[in-house]
Amino acid sequence: MTASGRRIYLDYNASAPLLPEAREAFVRALDLVGNPSSVHSEGRAARAALARARAQVAGLVGASADQVVFTSGASEAASTCLTPNWRSGGQITTLERLAVLDTDHPCIREGGRYPAAAITRLGVDRNGVVDFETLTTWAEAGPGLLAMSVANSETGALQRVEAISAICRDHGIRLVLDVVQMVGRLPIDSLLPLCDAIILSGHKIGASKGVGAFVLRDERFRPDPLITGGAQETRQRAGTEALPLVVAFGAAAEAAGLRLGRSGELREKRQRLVERLSRLDASLVLGQDHTTLPQTVALHHPRFRAETVQIALDLQGIAVSAGSACSSGKLGASHVLLALRNGGAAIEPETGAIRVSFGLETTASDLDAFADAFERIWMKSLEKEDPRAA
């Protein structure tokens, strides 16, 4: 436990704490007994709550409500959008090739409903930015779909979306953007005009777990449904909507839009933490020479294994990650770190990396407590290498 007697949570990229607004909305929605598809009064009340949540999510993205399709989460949204078959009017457009980034979240990187032979994993540079020469060469081969995470979940590295979108537009490539880690941390309302669909997750912005969405730039051009058998979600996703989860998502989305004005606070806290940690070793923080999320810091050094540091911090009352939560439990080095090394980063992927991710609720003293604890672990590692350093 920390000196303050409470635990410090620094794993927002895995799941953000439930916001009070989302909790209140969730509880209120539990009393809505009607099915949103029913025509009686109770059904209409549920439908109205669903419509409000859809409008709240649309507002965060800069879309209209009819462009939003609710799902059980970002992974389902990705599986829906990563399909060769898209519908335009009564016609099916087949996008036979898919490209993803080698650093993408597994729900993107594994290719959704595409066969393995149709998937190309594009390399990145040492900061995690897509190799534009390789992307252009792939795009020049003909129509296809590019899907990518705009912000990397492990390092926070941001892709250059406008330049990527221009390449796609010039070569007839359709584009799907996973903005799960950006939402509530950086504005995303300028991204939808640059792509065909955007993927969102509720619990990354303080909503309940188990809800997400994809937002279409043009609802007339839409992916073949993954879940069929009903008319819900404009026939894009069958099944009765999980109304309390959706309503909480809407409340969190509205709150996230209001909190965007404070993103500078996150950047200041991150900069202060990076400056302190960099005094231990200038190479400790990954991606220092590239733009990242304002509240994510990835730490790597061959001196120690990330899992060992994570456990040591946990015993001291501090929760951090040793990589993406969706990749935890897998054997072997992080695919993100392997891709960074292949791109020229001087790192040893086998030792892993510590991810620190926080939110507006995180105080400067919380980050100082983390830095103090991390420094103690660092000094102990020095002592093991050379007892004279003690």
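The values are calculated or read from the model by the stated rules, or taken from the named source; none is laboratory data. As the structure is a computational prediction, the values presented were derived from the model and not from experiment. Here the Cβ positions follow ideal geometry from the backbone for every residue, glycine too, while neighbour counts run over all protein chains shown.
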One residue from Asp189, Asp178 being under 21 Å from the mean Cα position of the chain (by Cα), surrounded by fewer than 17 Cβ atoms within 10 Å (Cβ to Cβ) and within 30 Å of Pro17 (Cα to Cα):
Asp189
May I ask you to list the residues in the stretch 79-104 that are farther than 30 Å from Leu337 by Cα and of a type in the set (Asp, Glu)?
none
So which of Arg272, Arg259, Arg279, Arg303 is without any contact (Cβ under 8 Å) to a residue 40 or more places away in the chain and surrounded by fewer than 22 Cβ atoms within 10 Å (Cβ to Cβ)?
Arg279
Under the condition of being out of contact with any strand residue (DSSP E or B) (no Cβ under 6 Å at 6 or more places or on another chain) and among the basic types (Lys, Arg), which residue from the stretch 149-202 is nearest to Leu258 (Cα to Cα)?
Arg185
Subset of the stretch 162-174, residues of a type in the set (A, V, I, L, M) and surrounded by 20 or more Cβ atoms within 10 Å (Cβ to Cβ), comes to Ile164, Ile173
Being over 30 Å from Val33 (Cα atoms), more than 18 Å from the chain's Cα centre (by Cα) and modelled with pLDDT under 95 narrows it down to one of Ala319, Ala282, so name that one.
Ala282
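Each row is one residue, and each column tells you yes or no for (1) among the β-branched types (Val, Ile, Thr); (2) at pLDDT below 95.
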| site | (1), (2) |
| --- | --- |
| Leu60 | no, no |
| Ala63 | no, no |
| Ala74 | no, no |
| Ala77 | no, no |
| Pro84 | no, no |
| Ser88 | no, yes |
| Gln91 | no, yes |
| Val100 | yes, no |
Within the set of pairs 6 or more residues apart or between chains, which connect a residue that is surrounded by fewer than 16 Cβ atoms within 10 Å (Cβ to Cβ) inside the stretch 98-117 to a residue that is assigned to a helix (DSSP H, G or I) with Cβ atoms less than 7 Å apart?
Pro106/Cys326; Pro106/Ser327
With Arg47, Arg54, Arg87 as the choices, which residue is outside any loop (DSSP other than H, G, I, E, B), surrounded by fewer than 17 Cβ atoms within 10 Å (Cβ to Cβ) and over 18 Å from the mean Cα position of the chain (by Cα)?
Arg87
